[in-house]
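A short write-up of the structure that comes next.
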């Protein structure tokens, strides 16, 4: 299927493709309307989405030099208060470094557009580039889940390629990049991943292969996932005859990253041209 030259790949779109090719086709290529609720209870789902969006906004405001006291006035519930109380000490420890909140980065790879919007990019005196991503998961995913996620592979790659396309004598190497996931519910359990030249080469081939596979598929050739557990949290499950009852966010047997289930695609808010 020919991808429109205006089509932009993000971590969320690519994760959808890897989770289920058919969902990717329905959602992004055919633009099929959602016929089903993602999960139960719907009120809790909406609330989690709203809280997550608010927290990301607070973090952006903090690193835009809005006084902490002014942001605090917007914190109006127990969940946000807990997250904010965990966030402030960690965030203040970064203020002595050079930082950029909501850093938008775009590249072209194999003539295909990719975008990443980093919650925070920190550059220290040693020229280490640290991507920090805020997560509001109810349960913390495993280190392996995070490491294998598309976001962990795409963001460092996009940052590296973008920085080295600049007209500047100071080119960076992959080993100058690291990515940190900071969890609002688990502030002492950050996950840090160091990038490397080996990982860059692996990721470059990985994404080039995905682009090629998608471009060669025709309508109807995008396969349904064999991981039927994911179908319980997919809006298109009725179209695929994969059941009509949505999954529960609190099901302990469902080892899925909650933010992937919720599909809170913060990176698609205000997507920019590049």
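No value in this document is a laboratory result; all are computed from the given coordinates. All figures in this text were calculated on a predicted structure; none of them were measured in a lab. Heads up, the Cβs are rebuilt from the backbone with ideal geometry, glycines too, and the neighbour counts pull from every protein chain shown.
Given the peptides 27-33, 82-88, 150-156, arrange them by the average over their residues of other C-beta atoms within 10 Å, most packed first.
Ranking the peptides 27-33, 82-88, 150-156 by packing returns 150-156, 82-88, 27-33.
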- Note on the structure: Expected unfolding gain across residue 94-residue 229 under the 0.36 nm per residue rule, minus the alpha-carbon gap, is 44.7 nm
- Neighbour-count ranking [beta-carbon atoms within 10 angstrom, fewest first] of 104, 92: 92, 104
- Note on the structure: Label model pair residue 205, residue 185: point-to-point distance (7 angstrom along the Cα→beta-carbon line) in nm is 3.7 nm
- Query: For residue 138 and residue 239, FRET efficiency with R0 = 41 Å and r from the beta-carbon atoms, rounded to 0.05?
  - Reply: 0.90
- Item | residue 218/residue 64 FRET efficiency (R0 45 Å; Cβ-Cβ; nearest 0.05) | 0.45
- Run the quick spin-label model on residue 32 and residue 173: label points 7 Å from Cα toward the beta carbon, then report their separation in nm to one decimal. 4.8 nm
- Task: Within the stretch 134-162, which residues have the backbone N less than 20 Å from the label spot 7 Å out from residue 197 along Cα→beta-carbon, could you tell me?
- Result: 156-162
